Amino acid sequence: MDEADVVSIAELLDERRYLLDVACWMLGSADEAECVVDEVYRRWYGLSGAARREIARPRSWLARSAGRSCLSRLAPVERSDDTALEAGPEEVEAGVEVSRVLLDAPGCLSPDERARASLRVRRSDPVAPWEHDALVRAVGRACLDGDAEHLVSLLCPDVTAFFDGGGKVRALSRPVQGGRQVAHSLLTLLARRSRTALTAQSVNGRTGLVARYGRQVAAIISLDVADHRVIQVWVILNPDKLRSWNQP
């Protein structure tokens, strides 16, 4: 697990809002600001996990990167070999193309692993809607209460969680496996903060969890259930995929 990207929903949204405000103030355009912030997060995920962990204050790193990107748009300068600035190690690593896994969380599994995960769900005994609903609500209560032990008891020991941030927020970019690891990730993400709420409601035709920050839907969580426990967790954090949930 990459600890540099384990943060609460409140921090995720405040961070992105802050970067958008900085970019919009510098460029005077909301659309250009969105492009800059997306570019900044691509640079962040272009870094190796080890490099990200060495950054003590990610928000400051992201803000500096946003400032540099805005300045380059405002005053493009042709650089010759004699005048070019030497890039630091962070900028060099940030040039690496962002992995497809950031755009589609399950993509970080091999085809065989994805097939096994899918088959496991299909081959499990069908779960009655009432049982699925009850288990999802129990997970939600455990998250709200911050009850790690109870949450772990609701998860299979080899449960897998996928976090889809689309490379647009600082979210976990690889699957998390294991009951305690998944519980820790969910409790950190859903940590109670002022203006943060978690409710159980219909998600794609069955009960899921919807996390809000203020009036904004910040995450949609779907759970796959088998043998009376949660076997897979799917967390959508990508702002683009949540737009339909945030329509006026």
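Sequence-ordered 3J(HN,Hα) estimates for segment 151-168 from the Karplus curve with 6.51, -1.76 and 1.60 and θ = phi - 60° stand at 4, 4, 5, 8, 9, 5, x, 10, 4, 10, 10, 10, 10, 9, x, x, x, 10 Hz, glycine and proline given as x. Length gained on full extension, Arg243 to Cys35: 73.2 nm, using 0.36 nm per residue less the C-alpha separation. Around Val7, what is the net charge, scoring Lys/Arg as +1 and Asp/Glu as -1 over all other residues with Cβ under 9 Å from its Cβ? So the surrounding residues net to -2. Taking a ≥ b ≥ c as the square roots of the Cα gyration tensor eigenvalues, segment 204-248 comes out prolate, since a/c reaches at least 1.5 and a/b is larger than b/c. Backbone geometry of segment 177-191 corresponds, through the Karplus equation with coefficients 6.51, -1.76 and 1.60 at θ = phi - 60°, to 3J(HN,Hα) couplings of 10, x, x, 5, 5, 5, 4, 4, 5, 5, 5, 5, 4, 9, 3 Hz, x marking Gly and Pro.
Each value in this text was obtained by applying a stated rule to the coordinates, not by laboratory testing. Fair warning: this is a prediction, and the values are worked out from it, not measured in the lab. As a convention, Cβ positions derive from the backbone with ideal geometry for all residues, glycine included, and neighbour counts pool all protein chains shown.
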